[in-house]
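Engineer: Before anything else, here's the structure in question.
The values are calculated or read from the model by the stated rules, or taken from the named source; none is laboratory data. Just so you know, these numbers come straight off a predicted model, no measurement behind them. Cβ: placed from backbone, ideal geometry, glycine included. Neighbour counts: every protein chain shown.
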Amino acid sequence: MRAKRYLLLLALTALLCACHPSGPEAPKPMGYFRIDLPARTYSLVDTTLPFSFEQSDQAQLVIKPQSDGNCWIDIDYPDLNATLKLTCLKITSPDSLRNLIYSEERMVKFHYQKADDVEYSVVRDEDAHLWGQIYDIKGKEVATPFQFWLTDSTHHFIRATLYFNFAPNNDSLQPVIDYLREDAMHYINTFEWK
């Protein structure tokens, strides 16, 4: 009789152990929060600036004129906690244009220490007198994943940089970066000097 109880107790213990594993649980795969991005709609921005473009209706334009005739422009995306910062500078000589372009290259090279890759694209529209360069800076900890500059080569030079208002993790932000990059490309494609 004792043997039957012992076997019954052993079977019951085995059954309970099988139902409740005591070993470590398997790790769950890493994931990110779902980010719902707004639908795209654009409106023409025509201000006292020396250019116009179609801006996202999700963004707010903030113009900050400077005393030297230059201008700072923020295209804020409050729902995405991001800002495309533009600086509009006057070209005073061919040397100043060369120095501005060189300065942009130097600023992009500053990101090389954190970047996995930098992709370059050229903007060239001779009919619109629009030239420039686009930089896609890839990397998990890159502070500014997208930059560009535009010029008419004689009067105006505009540089733009995408910033997030927090320390970014570009792996989880990639859908937002792609969304904002597409908006910026729309700005460039609809850009016109006055």
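Engineer: Hey, could you check the stretch 64-115 for residues that are under 22 Å from S153 (Cα atoms) and charged (D, E, K, R) and say which is farthest from the chain's Cα centre (by Cα)?
Structural biologist: The residue in question is D95.
Engineer: If I filter the stretch 21-39 for residues that are modelled with pLDDT of 90 or more, assigned to a strand (DSSP E or B) and either of a type in the set (K, R) or surrounded by fewer than 12 Cβ atoms within 10 Å (Cβ to Cβ) (or both), do I get at least one hit?
Structural biologist: Checking the stretch 21-39: not a single residue is modelled with pLDDT of 90 or more, assigned to a strand (DSSP E or B) and either of a type in the set (K, R) or surrounded by fewer than 12 Cβ atoms within 10 Å (Cβ to Cβ) (or both).
Engineer: Only residues in the stretch 153-169 that are acidic (D, E) count as the first member; pair them with residues that are part of a strand (DSSP E or B), Cβ under 7 angstrom, at least 6 apart or cross-chain, and list the lot.
Structural biologist: Every condition considered, no pair remains.
Engineer: OK, next. Would you pick out the residues in the stretch 68-92 that are aromatic (F, W, Y) and within 19 Å of M185 (Cα to Cα)?
Structural biologist: Across the stretch 68-92, the qualifying residue is only Y77.
Engineer: Suppose we filter I188, I158 for residues that are of a type in the set (V, I, T), farther than 14 Å from H111 by Cβ, more than 8 Å from the chain's Cα centre (by Cα) and part of a helix (DSSP H, G or I); which single one remains? Please lay out each step first, then the result.
Structural biologist: Details: I158 fails: part of a helix (DSSP H, G or I).
One residue alone meets the criteria, I188.
Engineer: For the stretch 146-185, enumerate the residues that are within 19 Å of P78 (Cβ to Cβ), at pLDDT 90 or above and touching an Asp or Glu at 6+ places or on another chain (Cβ under 8 Å).
Structural biologist: Matches in the stretch 146-185: F146, R181.
Engineer: For the stretch 88-108, name all the residues that are surrounded by 17 or more Cβ atoms within 10 Å (Cβ to Cβ) and closer than 24 Å to N170 by Cα.
Structural biologist: E104, V108
Engineer: Quick check on this structure: which one of A115, A82 is within 22 Å of T144 (Cα to Cα) and touching a Gly at 6+ places or on another chain (Cβ under 6 Å)?
Structural biologist: The match here is A115.
Engineer: Could you say which residue among I73, I35 is of a type outside the set (D, E), more than 15 Å from W149 (Cβ to Cβ) and touching a residue at least 12 places away in the same chain (Cβ under 8 Å)?
Structural biologist: I35
Engineer: I've got another one for you. Within the stretch 130-153, restricting attention to residues that are out of contact with any Ser or Thr (no Cβ under 6 Å at 6 or more places or on another chain), of a type in the set (A, V, I, L, M, F, W, C) and part of a strand (DSSP E or B), which residue is nearest to R181 (Cα to Cα)?
Structural biologist: Here the answer is F146.
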